[in-house]
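Colleague: Can you read through this structure? Questions will come right after.
All of the numbers you see were taken from the coordinates with simple rules; none came from a lab. Just so you know, these numbers come straight off a predicted model, no measurement behind them. All Cβ positions, glycine included, derive from the backbone under ideal geometry; neighbour counts span all protein chains shown.
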Amino acid sequence: MKKFAYAAFVLAVAFVIAIASASTGEAKGKKKKAAAAPAPVMATCWATPAAPVCGARGKLKFTYINSCYAGKDGAKVVSQNACPTKAAKKGKKSKKKMAKKSSKKKM
């Protein structure tokens with residue numbers, strides 16, 4: 001009977017230790033709560049006027065509605081105008097080529 005009572009006691013203690021170690025500690029819970037709180041930046045981005053800016057993230061450039069949204073996305077503002085598109089760049093080149101061709105025809 002003593003062996004059975006001792007075995008039951010050891011099993012109960014092991015069970016309590018296993019349950020206690022499975023739950024998260026207070027420090028882990030506080031860290032998760034602190035990390036989960038988002039910054040209230042989005043609440044003020046809509047209030048800033050719409051002035052398109054060109055922002056860069058790495059090697060890519062994106063056009064944002066204003067500098068607030070660019071900062072929220074983690075982009076660095078590189079221009080206070082919208083980013084040029086490939087179509088716009090091609091259009092400028094073709095206009096230059098057309099101007100050169102027309103000046104050659106006149107001569």
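Colleague: Per residue, how much space in cubic angstrom lies within the convex hull of the C-alpha atoms of segment 39-89?
Modeller: In segment 39-89, the Cα hull volume divided by residue count equals 68 Å³.
Colleague: Would you mind putting 51-59, 7-15 in packing order, based on average other-beta-carbon counts within 10 Å, highest first?
Modeller: Result, highest mean Cβ count within 10 Å first: 51-59, 7-15.
Colleague: Tell me, in nm to one decimal, what length is gained between A56 and K3 on full extension, where the rule is 0.36 nm per residue of separation less the Cα-Cα distance?
Modeller: Full extension from A56 to K3 adds 11.8 nm.
Colleague: Give the percent of DSSP beta bridges with both residues in segment 39-89 that are antiparallel, rounded to the nearest 5.
Modeller: For segment 39-89, the DSSP antiparallel bridge percentage is about 100.
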